[in-house]
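Taken together, the values in this text are just the output of simple stated rules run on the coordinates, not laboratory data. Given the structure is predicted, the values throughout are model-derived calculations rather than measurements. Positions of Cβ are backbone-derived with ideal geometry, glycine not excepted, and every protein chain shown enters the neighbour counts.
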Amino acid sequence: MAPSSQRRSSYSKRAQYNLFTGYIVAGIGALIGAVLLVLSFFQPQFFGGPRSVAQDAATPATETVAAARTGSKSLWDSISGYYRAGSKNAELKREVELARIRLGEAEALRQENVRLRGLLDLQDEDRKPVAVARLVGSSSSSTRRFAYLGAGSEDGVTVGMPVRSARGVVGRILETGRTSSRVLLLTDSESVLPVRRAGDETVAFAEGRGDSLLRIKLINLGINPLKVGDMFVTSGAGGYYPPGIAVAIVTELNDDGGLARIVSDPAATDYVSVEQIFEPDAAVGATTPIEEELGD
Amino acid sequence: MERIDPRARSDAYGSRLNRSHSPLIANVVPWASIMLGSILPIFFIAAALPMVPPIGYLMLVGWRLVRPGLLPVWAGIPLGLFDDLYNGQPFGFAILTWSLTMLAIEAVELRIPWRVFWQDWLVASLLGTLYLGAGWLLSGAPPTSHALAALVPQLVLTILIFPIVSRIVARLDLWRLWRWKRL
């Protein structure tokens, strides 16, 4: 379509001024945007307030869509479950039998654990999740990987709390609104998580790369001990995440570690739970500069 | 008695008898549809890659190119402010880029006032590429080459979806000027 004739402002002074003012205002707008952008680079939490209010406002809609999404997914799962049901059934039976044996062994181990803990006088209180909610959305058009959670400060969610699904770690709370909060996913390029290899004490950092993979950076360099298929779990260092939650599986090796795929894909999870910060004192200590002393 | 053609008293915007445009709808539809486009991407859960094209931005470019003279040059400021609440980028990103986009299209229009669709598409593709590139550069996280490579599927989708967006805008524009029954 051709531009309307009003932009050729002709001899009308008023029209000319209007057009000119429009350019000026747009230019000033771009400047304001640039200033705000620089401000939010240095103070990322500065605009959290309006953003979480906006997120809260969208929550009823996102909740509904999330419920429909998980519903339709389970419908699809049950339909695809009929495909090759017989052979799958036989395979599952074999697996269940094996799992039952392993369960018995695990029970024995648990009892031994309780006995040894009793000897050591270790307290092991049950950790209850702060909130259980759906992941209602994500920043799917941005380079950053954030998800939105349908629980906020009204449910007791605070910044820094770990978010996990039944399969493993999902991320951690970055901003809270009243009824929703923003989660930094593991795949975001700002996310770093201390991990160790399940089964031994090979410690590493799992950093998001921004392209769905995690980079496993070993802390002790030397001969790379990793193998494809190794499972990494949280190590509990840093104080945010409780130790022993599944994080990622190595899919590719490189010089100082490897690349890994996350275990708990947020798109495939139904409900996630928000948990207490594992060791709040340690988490505070980790964010305090060396020059400052920790108060008593 | 001969039949009168039922479409004799109507045009593309509906019948003209006892009907008139609604000023409210005519003014609100462009802004509301762009804001809806800004909200839409949060409904998708994309944990691995940025998959969903920036629908709000494409709607803005669509309205600006399909229907020039409707959105003022400064429209990028309020609409960008709204988009910033939902897009996941650092605050201010959309205000800056959307304002610059409006100015850039204004400059393009001075040069090519009469355009065919493929020229619109070309402009939108170039702007979309720049927008996604700027989003990668100014995401608040250090820009890595892996994140740039992860941008490619989204970029392809963004370019391919523009014709659909402009058809939607054209349909909305028709509806915007529809004549409603006067009471």
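Before moving on, here are some points about what is shown:
- Share of pairwise Cα separations in the stretch A:3-162, more than 29 Å, in percent: 62 percent
- Order of A:ARG209, A:ARG261 under a 10 Å beta carbon neighbour criterion, fewest first: A:ARG261, A:ARG209
- Calculated on C-alpha atoms, the gyration radius of the stretch A:118-248 divided by its Kirkwood radius gives an Rg/Rh of 1.01.
- Stokes-Einstein D for the stretch B:61-148, Kirkwood Rh over Cα pairs, 4 °C, 1.567 mPa s (µm²/s): 93 µm²/s
- Label positions at B:TRP180 and A:ASP256, each projected 7 Å from the Cα along the C-beta direction, are separated by 6.3 nm.
- Check: the stretch B:18-176 dipole with +1 on Lys, Arg Cβ and -1 on Asp, Glu Cβ, in debye: 420 debye
- Diffusion coefficient, µm² s⁻¹, Stokes-Einstein with Kirkwood Rh over alpha-carbon pairs of the stretch B:108-164 at 4 °C and 1.567 mPa s: 102 µm²/s
- Nearest-ten-degree value, helix B:117-137 long axis tilted from longest Cα axis of chain B: 30 degrees
- The residues B:HIS21, B:HIS146, when put in order of fewest to most other Cβ atoms within 10 Å, stand as B:HIS21, B:HIS146.
- Computed helical MRE - 222 nm, chain B, DSSP H runs ≥ 4 contributing -39500 (n - 2.57), nearest 500: -19500 deg cm²/dmol
- FRET efficiency for A:LYS93 and B:ILE25, using Cβ-Cβ distance with R0 set to 60 Å, rounded to 0.05: 0.45
- At q = 0.19, 0.26, 0.28, 0.29 Å⁻¹, base-10 log of I(q)/I(0) for the stretch A:94-144 (Debye sum, equal scatterers on each alpha carbon): -0.81, -0.98, -1.02, -1.03
- Computed across the protein assembly as shown, the Kirkwood radius stands at 25.8 Å (inverse of mean 1/r, all Cα pairs).
- When the Cα positions of A:GLY152, A:ALA99, A:PRO194 are compared along the charge dipole of chain A, A:GLY152 comes out farthest toward the positive end, with charges on each C-beta of Lys, Arg, Asp and Glu.
- Reachable aspartates and glutamates from A:LYS88, criterion Cα separation under 16 angstrom, eight or more residues apart if same chain: A:ASP77, A:GLU97
- Principal-axis analysis of the Cα atoms of chain B puts helix B:23-39 at an angle of about 30° to the longest axis.
- Per the Kirkwood formula applied to alpha carbons, the stretch B:18-176 shows a radius of gyration over Rh ratio, Rg over Rh, of 0.97.
- Centre separation in Å (Cα based) which lies between the stretch A:97-161 and the stretch A:32-94: 19 Å
- Relative to the longest principal axis of the Cα atoms of chain B, the long axis of helix B:55-66 lies at roughly 50 degrees.
- Shown for A:TYR241, A:TYR82, B:TYR57: other C-beta atoms within 10 Å of each C-beta, ranked fewest to most, produce the order A:TYR82, A:TYR241, B:TYR57.
- Estimated translational D of the stretch A:175-251 in µm²/s (Stokes, Kirkwood radius over Cα pairs; 4 °C; 1.567 mPa s): 98 µm²/s
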